[in-house]
1. Quick check: pseudo-label points 7 Å beyond the Cα along Cα→Cβ at A:Phe696 and A:Tyr310, how many nm apart are they?
2. How high is the FRET efficiency from A:Val249 to B:Glu33, r the C-beta distance, R0 51 Å, rounded to 0.05?
3. Using all alpha carbons of the stretch B:65-120, what is the percent of pairwise distances in each 5 Å bin, ordered from the shortest bin to the longest?
4. Where does the stretch B:97-194 land on Rg(C-alpha)/(2.2 N^0.38 Å)?
5. Once the convex hull of the alpha carbons of the stretch B:1-64 is built, what does its volume come to per residue, in cubic angstrom?
6. Report, by chain and number, residues whose modeled amide H sits under 5 Å from the one on A:Tyr604, excluding near sequence neighbours (fewer than 5 apart, same chain).
7. Stokes-Einstein at 37 °C, 0.692 mPa s, Kirkwood radius from Cα pairs: D for the stretch B:104-161 in µm² s⁻¹?
8. For chain A, list the DSSP H helices whose alpha carbon atoms reach 18 Å or more along the long axis and whose average Kyte-Doolittle value is -0.5 or above?
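Coordinate-derived values only; no laboratory data. Since the structure is predicted, the reported quantities are computational estimates derived from the model, not experimental observations. Don't worry about glycine lacking a Cβ; one is built from the backbone with ideal geometry, like all the others, and counts go over all protein chains shown.
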Amino acid sequence: MTTWKEVLQDRLPEDLAHEIDIFEGQIELRKQGNLDEKVFAETRLRRGVYGQRYDNGFRHDGVQTRELNFPSADLTKGPNTIWDAPGMQRIKIPFGGLTIDQLEVLAELADEYSDGILHITTRQDVQLHYVHIDDTPDLMRRLASVDMTTLEACGNSVRNVTSCPLSGVCHDEQFDVSPYSKALAYFLLGHDDVQDFGRKFKIAFSGCEQHACGLVRMHDLGLLARTREVDGEIVRGFTVFVGGGLGTVPHQAKVLIEFATEAEIMRLAQAISRVFAAHGEKQNRNRARIKFLIAELGIDEFRRLVMEAYESLPHDDRWTDYIDELPHWADQPLKGPSQLQIRNIPDDFRAWYQTNVYQQRQDGYSTVTVNLPLGDFTSKQAYQLADIARQYVGDNIRTTVEQNLVLRWVSNEDLPALFEDLKAIGLGDPGAGTIVDVTSCPGTDTCKLGIASSRGLSGELRTRLIEKSANLPDAIKDLKIKVSGCFNSCGQHHIADIGFFGNSRRKGNHKVPHFQVVLGGQWDDNAGSFGLAIGAVPAKRIPDVLDIITDRYVGDRAADESFQAWIERLGKKEVRTMLEPFMDIPEFEADPTFFSDWGDSRIYSIDDIGVGECAGEVVSLFSMEIAKAESEHFDSLLALDAHDYESADEKAYNAMLLAARSLVRTQYLDVGIDADSIVEEFRTRFYDTKLIYDAFAGGKFARYMFSRHEKPPVEATKEGAHQLVEEAQLFIENIHSAEQRINGVIVG
Amino acid sequence: MLPKRLSVKIFAAEDSKVKPAAIMPVFQHWIQENTLEGLLIDVVDYKHVHHGPGIILIGHEGDYGLDFSEGRAGLLFTLKQNRYETLTEAVRESFRLAIVAAEKLSAETGITFNYGEAKITVLDRLNAPNTPETFGTVEAQLSNFASRVFDGDVSITNANADPRDPFAVTIQAEATPAIETLLEKLSLSLTSVS
Ligand code: SF4
């Protein structure tokens, strides 16, 4: 039977194709029991293959916890993670930029591997849920055929690089940050210096200071566009922020450098990564984000270390190569500019226009926000959107951190027709960016850490707000509501005017889903300040709480008083007094509905909360890299089986090089990928010093590699290839035991 | 042709009152009581999505859903682990599982289904691209089976005009068969109905 690998072989970028082959090999190794489950977990997480709720094989059905008897029985894809259990696939969308072709491939994948739904995340990624791990290599190949990757979408690595969806068309920006975010995303993708983090690392770009879209102050690394006049010329650069983050305890980022030029930012990001990898916490994942390192060292010492690393980095042309491309970066509008001409404006168009249409800096063009309920749309809608894009805007599509899509460069006269087309596919809702456009993390629907149903609550609030949207007072229309299923803040509740995060309380023998109410966070000024937690309210009372807060704000506020200023004026005590009447929980018998969550009819339980994979397992750099050698060796075995001796020889040799490199990199990070350098460094550091020597065989296994390196076969033969594959196996074993002797650990 | 995945949708009768919110508790207690064949895992709510998959009871071998795609409500069974040896066998089993689920849903919610029409979607663009050739292959494989199961004339038509959509056919029976007859025929060995 034909395979996707065969069909797509000429359409995949070589490096991505190879990466996917390695992962497929690792899947086979894991199935055979030849790859440690923790190493496999990290390797799949680094490819965006994430666990989902109930993948430990248990689920509370509302009465009791039931075992889910998956056929794969004891096979796991990580600690307590059953192979056959459905999982989530995260797909990186650097700076949110999507093309029509990419949208169509995403639609295909949602149909064939998921549940027909595409979900936009708060980091501009796309997620597919209920995916079987066996399907992931083909899924990745189909993505790679349109230049998309899942690489490092999860795990302890650099996550999707986000940026304002309006960059390039915004009135306020210093300049378009899109090409910079794309360049940095690809510079760091798979980079050696981002492989040894203790936790994830999030990067964002923003075009201006006062507006929110980029949210640079809540990122591990944030880059805020600036210009300066130097010798009479305007020079582009960025203020570089580090150590921001939401999570359990939000941190405002600190300024690392006031102004770094475009020639400096790649190198600087690499230096920051190197310092994080070298000094960041690895064992205690609760303190492993870079914000803790900066808090511990102080920003001045952190800066000193970064600048030291900056100076010592070996030169890389890619630091500045991208600058040559910048003048060629320009969105291509599909149509010429035009003016909106419409008589007798229909009410629905007017409402949509007010909230979903942004007049671009470029006269005659608009950016339209497609409001996606809870960030979801169907594969059919994805095709229909692709058709709409083809007709009106071409490839100018972006995802947003508010879980919507934007269509940029709409010629203004097309707006009424575009609106009608969006309405026809159920995506013409107004209210983008307003109080009805509620943001939510996955919560208990699919996340292993979820405590309460953020999506259930968000859906309920959205429905109620839409019902009364025509009568909502202007003062509250633009408030932002954001909901997280737990304190981890993936729904970004800290930076909403009104935020909620899930927790639970007990009443008698029952648990009751609750949401902590967080008020007064600031989306503007790039996530300028964080909200205050006021108190926990039963989930079923949250809609009433929203009403009381908004009603009181409308009644109480001074002219032009912002929601943040009003909360501050009222004070935490008074706000809490306002919420207290809603905090009581009735007896179960009096009102059992309190004991179920929104969108879930089961009696609530917290028994399903599992161990999260947000950070992945902390697996040593060596374990990750030797796993690649093992996978390459496995491929050499397959090549032998296929009687392809040339390929078997090449792969066995590569496996040896990768194994040697994994050990060298425990001492010397900058060894690079050149075979001669790897062999030379390995020889000097481990062979000449006898560190690699086996108690019985001495340096024999290392000499296998030296011999193949120095004398490649003139013609690959069956016997020769067989022998080298055997030797590679022995060499990899030798590397494993040497690493144990030298460093004392393999995993963890 | 043996696809990786396929789905069978049985449409709700035109006058049937379908309330998505009432489906979630039904699916939840089906999990509690192991009401359907196969491993049932969880329920997911997509009723906020326009013409979407509605409420899905996620399983391992297959998913059951009250689906609203194309604006028509129906019981959708999606076969995710195709362990069958022929397309006909996979369709027959999926059809049977869909009807069993539809009947149970009908008993609990009052939704009625029209068993004289079914949409079969092949969710595998590699093995079944949406082309006239695939239609020829599928029609040849299913027509005998369909006319025996429906006990009379059936029409098989291509259901998805857009070549990007997954390949799909609608099977329409001239007369709506009695549910007992239909289930009986679907439960017989394949050789006797194909
Ligand atoms: S905030 Fe909590 S529930 Fe929501 S996705 Fe993050 S970890 Fe999961």
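1. Output for this residue pair reads 5.4 nm.
2. 0.70
3. With 5 Å bins starting at 0, P(r) equals 4, 18, 28, 24, 15, 8, 3, 0.
4. That works out to 1.15 for the stretch B:97-194.
5. Looking at the stretch B:1-64, the number lands at 124 Å³ per residue.
6. A:Ser596, A:Asp597
7. For these conditions, the coefficient is 244 µm²/s.
8. Span-like helices here: A:100-113, A:265-279, A:299-312, A:542-556, A:621-641, A:645-664.
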